[in-house]
Amino acid sequence: MRSRMAFIVAAFVMGLAAVCAAAPAATRGNDLVPGEALESAIAVRGLEAGGEELQLVGGEDSMATSPQDANSIKFYWKILNWNCVCGGKVLLYIDGKYKGYATGPGTYTVRRLRLEAGRRYTFYAVDACGTTQWGPRKYKMKASWSSFTWSIYCSGGGIVPTAGTWTGTTSRSQPMSFLVLSGGTQYSTFTLKTDFNFGSCWGWTETTVPGPGSISGGSFSFTGSTFSFTGQFTSATTATGTYAYTGLYIYPCGYLYQSGTWQATWTSAAGASAPADATSSDEQAIEHHRIINGGCDGAAQR
């Protein structure tokens, strides 16, 4: 599922007043790709995230003092923020040719653009997962410019997750799962199992937060009196997070204090249309189911 991120693209020139252009909201699939050359480049090279890592410039002074060539202008690529990027890389294409990738926000030096009569360059960028794209945008280069900067940034929230059932495991190799409801803006039925050992008293406990809860900016969370969790979608079908038990009383063993991480992936569309009752997160009735072995020593778990 492609990200529905809206995006803004702006162009800046040195030696001339800034020129800005706003792009329309992102569409999906090949609708963004003008012609077979760019389409082929993305299919073959783009999502592999290979090639050369582009270098950050040292700052505005470095940009301003770049040597000028009467037959070309210096091209810079600026990424203003990173919150909608999946896969840790954004790949750049100029006229359908792959030029390299960026690994974080900043201004990158790419190459010089030749000043040919009436020449228009097409710029396109996509993250390593293929979930967020910028462009294509076409700009005509002018002989009066000494440099040109293509700036991109995320204007909305984060990754939009795929609706349905998500399953995974914790850092203690125990199962966990949750549902993402239709539209990708709510979760429900977050369930996590963990083991505990108080010495002579050990076993497992499974906790369910029924929800629903909100998903915003590609993340979600819950905080209760004895259990909490966080989640962050790293792509439309993958997520990571944390969990913590803070004094959950397990009779007759004692109070459970434990924290860990979890990883999950989308597994099916089942559950996407589950009812979403408007329940405040701090009012939810959390369910705990336990299997206990051994006796009781009352000690809190390490």
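In the condition set (1) open to solvent by 10 Å² or more (accessible area, probe 1.4 Å); (2) among the hydrophobic types (A, V, I, L, M, F, W, C); (3) not in a strand (DSSP E or B), Ala244 is compliant with all but (3).
Candidates in segment 216-241 are the residues that are assigned to a loop (DSSP other than H, G, I, E, B) and open to solvent by 10 Å² or more (accessible area, probe 1.4 Å); of these, the one that is modelled with the lowest pLDDT is Gly217. In segment 111-123 there is at least one residue that is open to solvent by less than 20 Å² (accessible area, probe 1.4 Å) and at pLDDT below 90. Restricting attention to segment 254-302, the residues being modelled with pLDDT of 70 or more, in a loop (DSSP other than H, G, I, E, B) and open to solvent by 70 Å² or more (accessible area, probe 1.4 Å) number 1. Among residues of segment 105-129 that are under 14 Å from Asp95 (Cα atoms) and among the aliphatic types (A, V, I, L, M), those with a Cβ under 6 angstrom from a residue that is open to solvent by less than 20 Å² (accessible area, probe 1.4 Å) and assigned to a loop (DSSP other than H, G, I, E, B), sequence gap 6+ or separate chain, pair up as Leu113/Met141. Step by step: first the residues of segment 150-193, then only those that are part of a strand (DSSP E or B) and either of a type in the set (Gly, Ala, Ser) or touching a helix residue (DSSP H, G or I) at 6+ places or on another chain (Cβ under 8 Å) (or both), then the one that is nearest to Val57 (Cα to Cα). Which residue is that? By that ranking, first place goes to Ser151.
Is it fair to say Tyr249 is open to solvent by 10 Å² or more (accessible area, probe 1.4 Å) and part of a strand (DSSP E or B)? Criteria met by Tyr249.
The values are calculated or read from the model by the stated rules, or taken from the named source; none is laboratory data. Not measured: the values here are computed from a predicted model. Because the Cβ atoms are built from the backbone with ideal geometry, glycine has one as well, and the counts that use them run over all protein chains shown. Side chains included, ligands, DNA and RNA excluded: accessible areas come from the protein's heavy atoms. Shrake-Rupley method; radii C 1.70, N 1.55, O 1.52, S 1.80 Å.
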